[in-house]
Amino acid sequence: GVGDYPRETQRTGTSNLTPPVLSRRFNLSGTLTLMKIAILSDSHDHLDNLRRVLIEVRDTDALIHCGDLVAPFVIKELGDHYKKPIHIVWGNNEGDHPLVEERVKSYSNITHHGDEARLEFGGKKIAVTHYPGRAEELAGLEEYDLVFYGHTHRTETHRAGKTLVVNPGDVMGKDDSK
């Protein structure tokens, strides 16, 4: 189950900007695999911080961004510097929605899910939203093993029933909970 996560929000590196990287061991065709997912949120156009974080998470298997990228040029930064699957949802401070959607089309590894994402990695069901209230609603459905959200700019992790609920904090550098 979800409790098999050895360290649920283990941080890598020493930077205050390092996002949680969730690790999950799962069996695929009889082999033991370690899957790492980088969870980001609230980059707010802070490209220098985003570049540093992307270097730190380069060895992960996928990246999830919980919203507030803000300008469309952040899509280019993500797509040019992280080649594995990227999953993005809208935040409350997104700029030009049509241009963001157009930029996403340039990168086969980026999927923009709109307001919410429902994903599955290693047999675990994951929901992604920007908003904490909606994250609690999704966790309360008891359909998901993990729910990720942003918006508050504060790193938070707790359980809601069987669901691990995670806010990675922000990329922009405002998070004072670290």
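List of remarks:
- The combined condition, being at pLDDT 90 or above, acidic (Asp, Glu) and under 25 Å from residue 156 (Cα atoms), is fulfilled by residue 48.
- Scanning the stretch 48-71 for residues that are among the hydrophobic types (A, V, I, L, M, F, W, C) and either part of a loop (DSSP other than H, G, I, E, B) or under 11 Å from the mean Cα position of the chain (by Cα) (or both) yields a total of 8.
- Some residue of the stretch 102-109 being under 17 Å from residue 165 (Cβ atoms) and not in a helix (DSSP H, G or I): no
- Yes/no for residue 94 being open to solvent by 20 Å² or more (accessible area, probe 1.4 Å), modelled with pLDDT under 95 and not in a loop (DSSP other than H, G, I, E, B): no
- Filtered by the rule that a residue be assigned to a helix (DSSP H, G or I) and either open to solvent by 10 Å² or more (accessible area, probe 1.4 Å) or at positive phi (or both), the stretch 127-152 gives 132, 133, 134, 136, 137, 140.
- Set 41, 23: member being at pLDDT 95 or above, open to solvent by less than 70 Å² (accessible area, probe 1.4 Å) and within 16 Å of the chain's Cα centre (by Cα): 41
- Residues satisfying the criterion are present in the stretch 105-122 (criterion: in contact with a Gly (Cβ under 8 Å, 6 or more places away or on another chain) and buried (at least 18 other Cβ atoms within 10 Å of the Cβ)).
- With respect to being farther than 13 Å from residue 112 by Cβ, touching a helix residue (DSSP H, G or I) at 6+ places or on another chain (Cβ under 7 Å) and open to solvent by 30 Å² or more (accessible area, probe 1.4 Å), residue 83 falls outside the description.
The values are calculated or read from the model by the stated rules, or taken from the named source; none is laboratory data. For clarity, every value in this text was computed on a predicted model and none was experimentally measured. With ideal geometry, Cβ positions are generated from the backbone for all residues, glycine too; neighbour counts draw on all protein chains shown. Note: areas computed on protein heavy atoms with side chains; ligands, DNA, RNA excluded. Shrake-Rupley method; radii C 1.70, N 1.55, O 1.52, S 1.80 Å.
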